[in-house]
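**Student:** This structure is in structure tokens; I'll ask about it shortly.
Each value in this text was obtained by applying a stated rule to the coordinates, not by laboratory testing. Computed from a predicted model, the values in this text were never measured in an experiment. Counting neighbours? That spans all protein chains shown, and the Cβs are built from the backbone with ideal geometry, glycine included.
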Amino acid sequence: MPRQNKRAVGKKWETLAEQYLADRGLRILERNYYFPGGEIDVIAEDGEYLCFIEVKYRKTEALGFPEEAVGQAKQRKLLLGARRYLYKHQLPECTPCRFDVVAILGQQITWIQNAF
């Protein structure tokens, strides 16, 4: 059986995460928001908050927990992407923003709000 490429695997889990978030009341605004230097998996509204969400998947914990993969370098990229998104959409810098992680380990989904 051929191995799925990383993009196809990522898309599958991002779709699952997006549905999980929508089921919990978030309004999905964008998916796979690309900017120079990176990508934000999901951008959504949760009440007054504009949420920038990173989705991480691990089949098992052999390589560590998925949320551990969102280190300082990834956090900096997400902050840069958030600034670009606010600028592109002419939103004020005082817009309440939140950075979340949806960690998927096997079939278990954990939504970490205010992850950093």
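**Student:** Please find, in a Gaussian network model of the chain (springs between Cα atoms separated by less than 10 Å), the residue of Glu93, Glu30, Glu14 whose mean-square fluctuation is greatest.
**Tutor:** Looking only at Glu93, Glu30, Glu14, the biggest GNM fluctuation is shown by Glu93.
**Student:** Can you work out the FRET efficiency for the pair Lys59 and Cys94, with r the C-beta to C-beta distance and R0 = 35 Å, to the nearest 0.05?
**Tutor:** For R0 = 35 Å, the calculated efficiency reads 0.30.
**Student:** Can you give me the angle between helix 6-23 and the longest principal axis of the chain, using Cα atoms only, in degrees from 0 to 90, rounded to the nearest 10?
**Tutor:** Approximately 60 degrees, to the nearest 10.
**Student:** Taking amide H positions as placed in the peptide plane 1.01 Å from N, state which residues far from Ala115 in sequence (5 or more) or on other chains have amide H under 5 Å from it.
**Tutor:** Under 5 Å from the amide H of Ala115: Phe99, Asp100, Val101.
**Student:** Please work out the FRET efficiency for the pair Gln113 and Gln19, using the Cβ-Cβ distance as r and a Förster radius of 22 Å; give the result to the nearest 0.05.
**Tutor:** Approximately 0.80, to the nearest 0.05.
**Student:** If you add up the charges near Gly106, with Lys and Arg at +1 and Asp and Glu at -1, over every other residue whose beta carbon is less than 11 angstrom from its beta carbon, what do you get?
**Tutor:** After counting each charged neighbour, the total is +1.
**Student:** Follow-up question, since we're still on this one. Contact order normalised by length for the chain, with contacts defined as Cα pairs under 8 Å and 6 or more residues apart; what percent is it?
**Tutor:** Computed over the chain, the figure is 23 percent.
**Student:** Hey, quick one: spin label on Glu30, modelled 7 Å out along Cα-Cβ, who in region 67-104 has an amide N within reach, i.e. under 16 Å?
**Tutor:** 77-93, 95-100
**Student:** Relative to the longest principal axis of the chain, what angle (0 to 90°, nearest 10) does the C-alpha long axis of helix 72-88 take?
**Tutor:** Computed tilt is about 40 degrees.
**Student:** Still on this structure: Only Cα pairs within less than 10 Å get springs; with that Gaussian network setup on the chain, which residue of Tyr20, Tyr87, Tyr57 has the largest fluctuation?
**Tutor:** Tyr87
**Student:** Next up: Tally Lys/Arg at +1 and Asp/Glu at -1 over every other residue whose Cβ is under 13 Å from the Cβ of Cys97; what's the total?
**Tutor:** -2
**Student:** Let me ask something else about it. Gaussian network model of the chain, Cα springs within a sub-10 Å range: biggest mean-square fluctuation belongs to which of Leu105, Leu29, Leu21?
**Tutor:** Leu29
**Student:** Placing one identical point scatterer on every Cα of the chain and ignoring solvent, what is log10 I(q)/I(0) from the Debye formula at q = 0.11, 0.12 Å⁻¹?
**Tutor:** Debye curve over Cα of the chain, log10 I(q)/I(0) at q = 0.11, 0.12 Å⁻¹: -0.35, -0.41.
**Student:** What percent does the relative contact order of region 38-103 come to when contacts are Cα pairs within less than 8 Å and at least six residues apart?
**Tutor:** 46
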